[in-house]
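First the structure, in the form of structure tokens, and then the observations on it.
The values are calculated or read from the model by the stated rules, or taken from the named source; none is laboratory data. Predicted model, so just to flag it, every value in this text is computed and none were measured. Backbone-built Cβ (ideal geometry, glycine too); neighbour counts: all protein chains shown.
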Amino acid sequence: MSRPIPPIARKIPTVRVVHDDNLQDNYAWMRQKGDPEVVAYLEAENAYTDAITKPGDTFREKLYAEMLARIKEDDQTVPYRRGRHFYYSRTEKGKQYPILCRKTGSLDAPEEVTLDENQLAEGHPFLSIGAYSVNDGGDLLAHTIDYTGFREYTLFVKDLRTGALLPDRIEKVTSVAWAADDRTLFYVVEDHAKRPHRLYRHRLGATSDDLLYEETDELYRLGVWRSRSLTYVFVASRSFTSAEVRFLPADRPEGVWSVVHAREKDHEYDIDHTGDVFLIRTNGQALRNFRLVEAPVNDPRASRWTELLPHRDDVMLEDVEAFAHHYVTHEREDGLIRVRVTDRSTRASRHIEFPEPTYDVQPEPNAEFVTSRYRFRYQSFVTPPSVYDYDVPTRELQLLKRTEVLGGYDPSQYRSERLHATAPDGTRIPISFVRRVDATTADGPTPLMLTGYGAYGLPYPVTFSSTRLSLLDRGVAFAIAHGRGGGELGKKWHDAGRMLQKPNTFRDFIAAAEFLIRGGYTAPDRLAIEGGSAGGLLIGAVLNMRPDLYRVALIRVPFVDVINTMLDEDLPLTVGEFEEWGNPKIREQYEVMKGYCPYTNIRRQLYPVILVRTSLNDSQVMYWEPAKYVAKLRATAIEGAELLFKIDMTGGHGGPSGRYDALRDLAFDDAFILTELGRAER
């Protein structure tokens, strides 16, 4: 198909030269969010996309209906206990948002609705609940709400006895924690660049608050929380490579905060409390994958640390959760999570075993400190989310709930595998892969959707998706390339894909695509690729490098204008992420960025079919990045394959907030992919 340019509002672009005469930003005018011509341009792009995709309306509705038919619309989470109450959420058919509830004393008690998100959302196109924290007495709820999608949250305090809101209201709050007196709140607010930077103490009903700490180093972000033991309040200053934690007895809200360990270069640590010790996960002394130590609460200096779990080069210690009589660590080895439960008195440890070749495990709410159980959520490509209780003394697992997939889902009809590609430098790249067991290659290699992320040291989770069945059941396989920059193989895996090593992430993804093609799993004319945010950067980069490998690309909220964004220190995230992407004001780091930045490296070549999606109120990746990217693609690339741009004019980084709206978005994307892969009518 030809690539016509939509009938957009014309404007002579201003040109800004960055570093040299060859790098120009001809579309900087798109940054003017309120400019009528910018709005007209975005609406014209939406209209163009709607016109091009209109022939697929019937198929899109069919996909939406079948996705919705697999979901139990009236559902409830597993209640968890905190003090006298059991907390849970539930959904009702036809309602976009959850209803947050609790029962007092027992599960047979009458239901109390703490927040009905559907009522809160009335009259608003977007709703997101951030903090949700009940005081020790159980009568006051501190919660935050964002109505814009820009992740700008307002703090409210609700009296759960009467349902009334207290007059206390605070803007731009990112985290909160109650003191033990039930009348004092600690909270953190963000600055103009959305960096959490100030810690305050608020007494209910007060008209002014006490500033307790201000983080002036723009590399660091603040967060406040309460220990599970309820004994301490913690506040942490964190960068991508360093941390500093302060603590305060929760029953002394007017007291003096103490520092656990002063910040130092390349030393991250986390902290939890049990008994008379702090448990500290630390990667100081160049022990990148972390070790576990304990320190006396009355003197937690590093000289008093006692090792509980040593550092291991091949095992990443991801987190630690402390309870009265045991602690739980999540450890990642060869990309897979292992859960270790350790008895505090005997030091005896046991692992919880999982049967599948690739899977994901995450903690559920474990609010009770004195307990003999640990609750977690297990899932895989094949197994729906399953909530378990692990009994520490008996080592028995109890399945509490498995998400129901309606319509007769049979897991035996699908097979997951763990594969490995080889990068150009010889590094083995894990690939998680799933397809139907009866997927046939009679008419050639299988269509396949390949995705990835590879940033911030975050592992790409291998999770179940009932909506993904619409791809799998039409013979489309699905795979995740776990490239460097992520956290699948520990901190060294992250280090090998950030800063000056960032190009490894793109080479790894290309190596995974080539492996899948060479192995007969798919072919270039049947390969779709997808990624969002930092994963959108990944897809944008590999499209420039190897456009011949792919049939179609779906790019969501993509970080594609790397150099211009990282030059603007007033934007959210920029300064703090110098330790992830680099600082383009430093020549060596700039040269690396210039080599891969998707926007910078668009060239006159034939690209595959591309759909780019974003949201006007995205606070993580500004809408103008994908808008500029699409405009430059239209002006530069060889005409041939279709290029579409769709922008949600009310959503945020995650798109629309309502569950039905989000499902319609997914149906749109899948209909686009399936149509391009020739599977629309199956």
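Here are some notes:
- Residues of region 294-321 classified as aliphatic (A, V, I, L, M) and closer than 14 Å to residue 261 by Cα, total: 3
- Checking each residue in region 76-108 for being part of a loop (DSSP other than H, G, I, E, B) and either more than 30 Å from residue 65 (Cα to Cα) or in contact with a strand residue (DSSP E or B) (Cβ under 6 Å, 6 or more places away or on another chain) (or both) picks out 77, 78, 79, 83, 84, 98, 105, 106, 107, 108.
- Filtered residues of region 165-187 (kept if in a strand (DSSP E or B) and either surrounded by fewer than 22 Cβ atoms within 10 Å (Cβ to Cβ) or under 21 Å from the mean Cα position of the chain (by Cα) (or both)): 165, 166, 167, 168, 169, 170, 173, 174, 175, 176, 184
- Counting the residues of region 355-366 that are modelled with pLDDT of 95 or more and crowded, with 16+ Cβ neighbours inside 10 Å gives 5.
- Among the conditions (1) among the small types (Gly, Ala, Ser); (2) free of Cβ contacts under 8 Å to residues at least 60 places away in the same chain; (3) at negative phi; (4) not in a helix (DSSP H, G or I), the only one that residue 412 does not satisfy is (4).
- In this structure, residue 546 does satisfy being more than 18 Å from residue 645 (Cα to Cα) and among the basic types (Lys, Arg).
- Restricting the first member to region 498-509 and to residues that are over 14 Å from residue 597 (Cβ atoms), and the second to residues that are polar (S, T, N, Q) and not in a helix (DSSP H, G or I), the beta-carbon pairs closer than 8 Å and six or more apart or on different chains are 504/427; 508/427.
- Meets criteria (part of a strand (DSSP E or B), over 25 Å from the mean Cα position of the chain (by Cα) and modelled with pLDDT of 95 or more) for residue 246: yes
- Within region 415-433, considering residues that are free of Cβ contacts under 8 Å to residues at least 40 places away in the same chain and basic (Lys, Arg), the one nearest to residue 468 (Cα to Cα): 415
- Pairs with Cβ under 6 Å, 6+ apart, first in region 89-110 and more than 14 Å from residue 78 (Cα to Cα), second of a type in the set (Ser, Thr, Tyr) and modelled with pLDDT of 95 or more: 96/660
- Region 249-281, residues that are more than 27 Å from residue 135 (Cα to Cα) and more than 23 Å from the chain's Cα centre (by Cα): 261, 262, 263, 264, 265, 266, 267
- Of the criteria (1) touching a residue at least 60 places away in the same chain (Cβ under 8 Å); (2) more than 23 Å from residue 545 (Cβ to Cβ); (3) touching a helix residue (DSSP H, G or I) at 6+ places or on another chain (Cβ under 7 Å), which one residue 436 fails: (1)
- Checking region 431-441 against the condition returns a match, with at least one residue being among the small types (Gly, Ala, Ser) and at pLDDT below 95.
- Filter result for residue 534 (in contact (Cβ under 8 Å) with a residue 60 or more places away in the chain and among the small types (Gly, Ala, Ser)): yes
- Check on residue 299, part of a strand (DSSP E or B), surrounded by fewer than 19 Cβ atoms within 10 Å (Cβ to Cβ), acidic (Asp, Glu) and out of contact with any helix residue (DSSP H, G or I) (no Cβ under 9 Å at 6 or more places or on another chain): no
- The single condition among (1) within 30 Å of residue 152 (Cβ to Cβ); (2) surrounded by fewer than 20 Cβ atoms within 10 Å (Cβ to Cβ) that residue 642 does not meet is (1).
- Residue that is farthest from residue 468 (Cα to Cα), among those in region 359-387 that are out of contact with any helix residue (DSSP H, G or I) (no Cβ under 9 Å at 6 or more places or on another chain) and among the β-branched types (Val, Ile, Thr): 370
- Test result for residue 62, closer than 30 Å to residue 679 by Cβ, free of Cβ contacts under 8 Å to residues at least 24 places away in the same chain, buried (at least 16 other Cβ atoms within 10 Å of the Cβ) and of a type outside the set (Val, Ile, Thr): yes
- Residue that is surrounded by the fewest Cβ atoms within 10 Å (Cβ to Cβ), among those in region 439-484 that are at positive phi and more than 17 Å from the chain's Cα centre (by Cα): 444
- Here is the figure for region 272-291: residues that are crowded, with 19+ Cβ neighbours inside 10 Å and of a type in the set (A, V, I, L, M) total 3.
- Residue match in region 379-398 (condition: of a type in the set (Phe, Trp, Tyr), over 27 Å from residue 667 (Cα atoms) and crowded, with 18+ Cβ neighbours inside 10 Å): yes
- Failed item in (1) surrounded by 18 or more Cβ atoms within 10 Å (Cβ to Cβ); (2) touching a His at 6+ places or on another chain (Cβ under 9 Å), with residue 104 passing the rest: (1)
- Selection of helices (runs of 4 or more DSSP H) fully inside region 568-682 by the criterion of at least 3 residues being farther than 29 Å from residue 469 by Cβ and of a type outside the set (D, E, K, R) returns 587-596, 624-636.
- Tally of residues being in a strand (DSSP E or B) and among the small types (Gly, Ala, Ser) across region 308-343: 1
Every residue, every condition in (1) part of a loop (DSSP other than H, G, I, E, B); (2) at negative phi; (3) modelled with pLDDT under 95; (4) not aliphatic (A, V, I, L, M), yes or no:
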{"position": "263", "(1), (2), (3), (4)": "yes, yes, no, yes"}
{"position": "267", "(1), (2), (3), (4)": "yes, yes, no, yes"}
{"position": "271", "(1), (2), (3), (4)": "no, yes, no, no"}
{"position": "278", "(1), (2), (3), (4)": "no, yes, no, yes"}
{"position": "285", "(1), (2), (3), (4)": "yes, no, yes, yes"}
{"position": "292", "(1), (2), (3), (4)": "no, yes, no, no"}
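- For beta carbons closer than 9 Å, sequence separation of 6+ or different chains, a first residue in region 24-35 that is more than 16 Å from residue 626 (Cβ to Cβ) and a second that is assigned to a loop (DSSP other than H, G, I, E, B), the qualifying pairs are 24/15; 24/18; 35/11.
- Restricting 326, 351 to residues that are buried (at least 20 other Cβ atoms within 10 Å of the Cβ) and under 25 Å from residue 78 (Cα atoms) narrows the list to 326.
- Restricting region 521-543 to residues that are under 19 Å from residue 468 (Cα atoms) and hydrophobic (A, V, I, L, M, F, W, C) leaves a set whose member that is nearest to the chain's Cα centre (by Cα) is 529.
- Residues that are part of a strand (DSSP E or B) and without any contact (Cβ under 8 Å) to a residue 12 or more places away in the chain, drawn from region 351-405: 396, 398
- Matching option when the condition is modelled with pLDDT of 95 or more, of a type in the set (A, V, I, L, M), on the phi > 0 side of the Ramachandran plot and crowded, with 18+ Cβ neighbours inside 10 Å, among 630, 575, 557: 557
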